[in-house]
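Structure first, commentary second.
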Amino acid sequence: PSLEHEVARREMEHVSGEFWLYIHAELTKMKEAAVDPDVVRTINRILAMAGDIHMTLRNKQYQLSEDVDAAGDWRKAEAARLTDLVQRRIAFIQNPSNCEKAKKILCNLGKGCGYGCQLHHVTYCLMTAYASQRTLILQSEGWRYAARGWESVFLPLSNTCHSTHGQPSTRWGPGAMTDNTMVLELPIVDSLSPRPRFLPLAIPEDLGDRLTRVSGDPSAWWIGQFVTYLTRPNTDMQAYLENSKQKLGFESPIVGVHVRRTDKVGMEAQFHSLDEYMGHVEDWFNTYEKRHPDIQRRVFLASDDPEVLQEAKRNYPNYIFVSDTEASKTAGLGSRYTDASLRGIVLDTYLLSRCDFLVCTFSSQVCRVGYELMQPLHGDASQWFRSLDDIFYYGGQNAHNWEAVENHDTDEPGEISFRRGDLIGIAGNHWNGFSKGKNTRNGKTGLFPSYKTVNKIERFKMPTYPKKSC
Ligand code: GDP
């Protein structure tokens, strides 16, 4: 399928998804307001039938994207070629033949936050190294998760270049990209100034069309390549991941559920009940079973709250719950920064990424790491998730705009109008047919119907690296 075909097909999927979100939300509102039991019954019937039609529609869309003209096979092969290309490019810049003469980026793991947040910090460092043709040197000894550093669980980021050779470092600043200094030190992304245009959610110009053709979320796909390179497990970790997968009975079809509780709730995210997560899991399996009847429903459950597993087993007896209970026990506050908790969170994010679908909150970096790692593993896994709160984002990203593809005029309070071509700085999808954003043309902020907009992804000219490395 051509680039235009793929873009049009995904836009059609996007619009039909928004259509169902809108109908479902409006009917649910009507039901909650209704006093007459007959009205409630009628609305329930409409919801059930419309929901079923939507599932059939999704399966037809799946068929069109995967089976017709063997498009799914083509996509898988193209995604594998692209992954191979990008991984070799990263390996090329990370393995200079003369380390002493190679220009470097220096980062450390001192950022005081959880694993997902620290991994994203290193990811931004590696992306910056790639875009500025420098080798990333990561200082990780004394890491709060493992005193021995990154290599206690992952492969070294380089086989040839591990230190700055005592060369003095300069902080990132104006002119950093053209600076001849040997070692550039990066602050955390929030303090980066000036902010380069290659930061997420940008994608490289030279691969822009190919990525857009193969994936519905090229930005997450691109980030996922760097997260994948960084988290290549070392021999011990590889054995641990494989043994755990087998021991826990991790088998497809399986939906990954990540329930982030403890310190996050009330501080950085809202509480969501297990039933809310499971409603989306049920939806996914109901749709899947129209294509593959009589399967065993499996959920991989990851959480920082061990109670969630008990509740799940009690209330959903027709599911098998696969869960590493040790991981959630060591994930709690207080005991978080240990070898065991590191193993636990690496395993949990690895298994989340190996699921067929994810239900989680994108406000959590754990959930986003799972989604990012998932992208390079498939042809197009951009729709294999349901976030209960945010849309996908990268902490410290550049402006993220959606572009209006139709005019929209409204007098409704709290809503915004736009003209075709306007850029809307996106704040979030309310998953009810509406999203919230700021029209960059007039500065007005409010809700708008999501289906009248498309994601606008920045492309930036990044190095393409020598052919032999690709
Ligand atoms: P965020 O706070 O959810 O955005 O993600 P961070 O990764 O920055 O910090 C959360 C930390 O809590 C993780 O790094 C883990 O140490 C722990 N944690 C949260 N959820 C899980 C989980 O599902 N499994 C495990 N093993 N640990 C978790």
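The values are calculated or read from the model by the stated rules, or taken from the named source; none is laboratory data. This one's a predicted model, so the numbers in the text were calculated from it and none came from an experiment. FYI the Cβ positions are ideal-geometry reconstructions off the backbone, even for glycines, and counts take in every protein chain you see. Heads up: the accessible areas ignore ligands, DNA and RNA and are worked out on the full protein's heavy atoms, side chains in. Shrake-Rupley method; radii C 1.70, N 1.55, O 1.52, S 1.80 Å.
Annotations for the structure displayed:
- Projecting the alpha carbon convex hull of segment 107-147 along each direction and taking the average yields 2.6 nm².
- Net charge contributed by nearby residues that have their C-beta within less than 10 Å of TYR394 (K/R +1, D/E -1): 0
- A protection proxy built from the mean count of other Cβ atoms within 10 Å ranks the segments 136-143, 125-132, 78-85, most packed first, as 125-132, 136-143, 78-85.
- Test item: Cα-centred dipole of segment 317-430, Lys/Arg +1 and Asp/Glu -1 on Cβ, debye: 580 debye
- Apportionment of accessible area to carbon and sulfur, segment 200-300, percent (1.4 Å): 44 percent
- Surrounding net charge for ARG41, when Lys and Arg each add one and Asp and Glu each subtract one, Cβ distance under 15 Å: -1
- Cross-link pairs LYS76/LYS103; LYS264/LYS438; LYS104/LYS329; LYS76/LYS264; LYS76/LYS438 - those with Cα-Cα distance over 29 Å: LYS76/LYS103; LYS104/LYS329; LYS76/LYS264; LYS76/LYS438
- Share, in percent, of DSSP beta bridges within segment 220-372 that are antiparallel, nearest 5: 0 percent
- Relative to the longest principal axis of the Cα atoms of the chain, the long axis of helix 71-94 lies at roughly 30 degrees.
- Within the chain, antiparallel bridges make up roughly 40 percent of the DSSP beta bridges whose residues both belong there.
- Net dipole in debye of the chain [+1 Lys, Arg Cβ; -1 Asp, Glu Cβ; about Cα centre; nearest 20]: 1420 debye
- Averaged over residues, the count of other Cβ atoms within 10 Å places the peptides 286-295, 10-19, 349-358 in the sequence 349-358, 10-19, 286-295, highest first.
- Considering only beta bridges that DSSP places wholly inside segment 94-245, some 10 percent are antiparallel.
- Evaluated at q = 0.10, 0.20, 0.24 Å⁻¹: base-10 log I(q)/I(0), Debye formula over Cα of segment 289-380: -0.29, -1.05, -1.30
- Computed log₁₀ I(q)/I(0) - Debye formula, equal Cα scatterers, no solvent, the chain, q 0.08, 0.10, 0.13 Å⁻¹: -0.51, -0.80, -1.37
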